[in-house]
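The values are calculated or read from the model by the stated rules, or taken from the named source; none is laboratory data. Keep in mind the model is a prediction, meaning the values are calculated, not measured. Here the Cβ is made from the backbone with ideal geometry for all residues, glycine too, and neighbour counts use every protein chain on show.
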Amino acid sequence: MLKNSTVMVTGGCGFIGSHLVRHLVERSVKRVVIIDSLRYGDPGNLGAASSAVEIVKHQIGIDTPEPLHEAMKGVDYLFHLAAEKHNQSKDSPITVLRSNVEGMHTLLASAAAEGVKKVVFSSSLYAYGRMNGAPFVETEVPHPNTVYGISKLTGEHLLAHFALKQGLAYNALRYLFVYGPRQFAGMGYKSVIVKNCERLLADQSPIIFGDGKQTLDYVFVDDVVDATVRALETEVSGEVINIGSGIATPVARLIETLISVSKKSIRPSFEPADWTHGSFRVGNVEKVKKVLGWSASTSLEEGLRRTYDWIGANS
Ligand SMILES: NC(=O)c1ccc[n+]([C@@H]2O[C@H](COP(=O)([O-])OP(=O)(O)OC[C@H]3O[C@@H](n4cnc5c(N)ncnc54)[C@H](O)[C@@H]3O)[C@@H](O)[C@H]2O)c1
């Protein structure tokens, strides 16, 4: 299906997008077109794959849309990953809305006009809004409490709208906490994993805020790419699906695993609780198993080892 097709990847120079693009190039997809503002991403993330793709520098929702319409010509499938993310842009809600809502509308209108056959959208756990409670399940009524989360939920609704009005096929994936090599390319917010890998590499104690019971669902980027491609290739359309490991990992266990991966005899240091105190954000992964036949296969230890080694080799 993908092999003889032209695929557009928005945000293809970012963390997850660059892994997806490398995968598509390895699979000898006929043509890959990347739309990226290059504000947070870097063509360097693509490695050797950069010479096999076309990169259009364009800020969706901000720049005039003509180059986007031009680039959409001949596109069969669209992976939409470009977004202003929560921590990068929480002080600039208008930019979030223009990029993630207005820009997504422009993108989907262009895709529908050019006869794109299917869209896979990278939504987020932030669409749910909750900070704790039972694992997130796709059937619950979401109450996003950030402009970013609102923008992601709106993106899902825009897809449903274009499916209804113009027959555009799609799936929307609510990613949980994605980690792996090339996460954080030098700007914005550093995740707990990146920050503490860097500390361990510098022989400093990793930091745990509060009691270390804050719990997240970590999912390795290669697994996320696999799920994302499956969401395109499946005959199923119009679904919202969690993409997570389904495993609840308290931050204290994460740090313990990271220390063991580093093989250093360092103990964590504890600092006062922060805004994450008492949080529990994990995905229910029954639907993805059923609909896409997918479950995360990389263990936390293996994923952290690959991330730690990459940060070590690239810092
Ligand atoms: N990383 C995670 O844990 C996670 C979790 C949930 C959802 N997501 C979603 O997955 C997608 C990819 O995330 P990531 O972690 O790779 O982020 P990233 O910031 O590394 O990549 C996003 C890319 O999009 C580009 N971009 C941003 N706004 C743009 C715009 N208006 N027009 C064109 N390009 C633009 C950036 O320059 C960057 O290259 C995003 O949509 C994000 O919301 C990520």
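Considering segment 1-49 alone, what residues qualify as being away from the ligand (no atom under 16 Å from the Cβ) and acidic (Asp, Glu)?
26
Go through 130, 199 for me and flag whichever is charged (D, E, K, R) and touching a residue at least 24 places away in the same chain (Cβ under 8 Å).
Within the list 130, 199, the selection yields 130.
Checking the conditions here, which among 29, 25, 75 is assigned by TED's automatic domain parsing to the domain that holds residue 109 and in contact (Cβ under 8 Å) with a residue 60 or more places away in the chain?
Answer to the check: 75.
Yes or no: residue 75 over 26 Å from residue 235 (Cα atoms), away from the ligand (no atom under 11 Å from the Cβ) and more than 14 Å from the chain's Cα centre (by Cα)?
no
Out of curiosity, is residue 295 more than 14 Å from residue 243 (Cβ to Cβ) and in a loop (DSSP other than H, G, I, E, B)?
In short, no.
Between a residue in segment 138-153 that is in contact (Cβ under 8 Å) with a residue 12 or more places away in the chain and any residue that is surrounded by fewer than 16 Cβ atoms within 10 Å (Cβ to Cβ) and part of a helix (DSSP H, G or I), which pairs come within a Cβ distance under 6 Å, given they are 6 or more apart or on different chains?
147/93
Filter segment 125-144 down to the residues that are part of a helix (DSSP H, G or I) and in contact with a helix residue (DSSP H, G or I) (Cβ under 6 Å, 6 or more places away or on another chain), then identify the one that is surrounded by the fewest Cβ atoms within 10 Å (Cβ to Cβ).
126
Out of the residues in segment 50-72 meeting the condition of being free of Cβ contacts under 8 Å to residues at least 24 places away in the same chain and closer than 13 Å to residue 34 by Cα, tell me which one is farthest from the ligand (Cβ to nearest atom).
51
Within segment 206-257, which strands (runs of 3 or more DSSP E) (wholly inside it) include 2 or more residues that are within 23 Å of residue 275 (Cα to Cα)?
Correct list: 207-209, 218-220.
Does residue 171 satisfy the criteria of being out of contact with any His (no Cβ under 7 Å at 6 or more places or on another chain), in a loop (DSSP other than H, G, I, E, B) and among the polar types (S, T, N, Q)?
no
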